[in-house]
Each structure stands twice: as structure tokens, then as C-alpha cells.
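Student: This is the structure I have questions about; it appears just below.
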Amino acid sequence: MKLTPVVAKNVKRIAFYNLGLTAIENAVFFILRLWNFEVLAGSLLGYTATVISFLWLGLSVQKAMEKEQKQAQMYMQSTYTARMAMFAAVFAIALFLPVFNWVAAIIPFILTRISIMIINF
């Protein structure tokens, strides 16, 4: 499915702002002298998952617009559940694989909300 210009623009904006906020996250870890490869790997894992999730959301909305209202609601609910399952899998990976700092991996999920607030400001 091809991205509409609006969805593509919003995904690029979220990716850009989340990347900047993820860099700030790493800088804070560095200032606190807690930064290491695991923090970098965790933050990049979280960043990647949030951008994929936002892209998935955009594609889902596009596809839902082509459906009847009841079907669209069911479709959006199913994609929401799938995205939450992806977040749970990412969290489990970050928690159980020592190459990732799980705290640094979770922070980008919060940063997406901040990115949206910055964009809407």
C-alpha cells in the first residue's frame, strides 16, 4: 500500500522529532555517567519500534478509511492489539537480552507522545 502524502509527512515528522529526543535521552544518560553501548542499543530499539508503530498506525488508518464504519472499527482495534503485542515483544527483548538497556528502550515510547505535542504546538 502506498502512503498518502499526509501520512508520509507525519511519519517523517515523528521520526525526526523522536530521533532528536532519543539523542537527548542518550545525552542525559551520558551526563549521568550511565551511558554505554547497552543504552545506545536500547534507545535505538525503542526508537525503531515507535517509528514502525506510527507507520503501521498511518497505514491502518488509510486502509480503514476504505471500509464500512463497523469493519473499520474492528480493523483498527485489531491493528491496535497487534501494535501493543509488538510493544510487549520489544519490551521483552529489551528486558531479557543483555545487549539492551530496558529503561533506555522504554523511554522512546514516551517520547512519541512528546513529539506529537511538540508538532501540535
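The values are calculated or read from the model by the stated rules, or taken from the named source; none is laboratory data. All figures in this text were calculated on a predicted structure; none of them were measured in a lab. Every residue, glycine as well, gets a Cβ built from its backbone with ideal geometry; the counts of neighbours run over all protein chains shown. In case anyone asks, the SASA skips ligands and DNA or RNA and just uses the protein heavy atoms, side chains included. Shrake-Rupley method; radii C 1.70, N 1.55, O 1.52, S 1.80 Å.
Student: Using a Cα-Cα cut-off of under 25 Å, which lysines could be cross-linked to Lys70, ignoring same-chain neighbours fewer than 8 residues away?
Tutor: Of all the lysines, those that pass the test against Lys70 - Cα under 25 Å, at least 8 places apart if same chain - are Lys2.
Student: Can you work out the accessible area per residue across the chain, with the rest of the protein chains kept in place, probe 1.4 Å, in square angstrom?
Tutor: On a per-residue basis, the chain sits at 65 Å².
Student: When the dipole is taken about the Cα centre of region 1-82, and only Lys, Arg (+1) and Asp, Glu (-1) are charged at their Cβ, what size is it in debye, to the nearest 20?
Tutor: 260
Student: Average projected area of the Cα convex hull of region 1-77, in nm²?
Tutor: 6.0
Student: May I ask you to work out the translational diffusion coefficient for region 37-121 at 4 °C, viscosity 1.567 mPa s, via Stokes-Einstein with Rh from the Kirkwood sum over Cα pairs, reported in whole µm²/s?
Tutor: Rounded to a whole number, D works out at 93 µm²/s.
Student: If you roll a 1.4 Å probe over the chain with all protein chains in place, what percent of the accessible area is carbon or sulfur?
Tutor: The C+S portion of the solvent-accessible surface of the chain is 72 percent.
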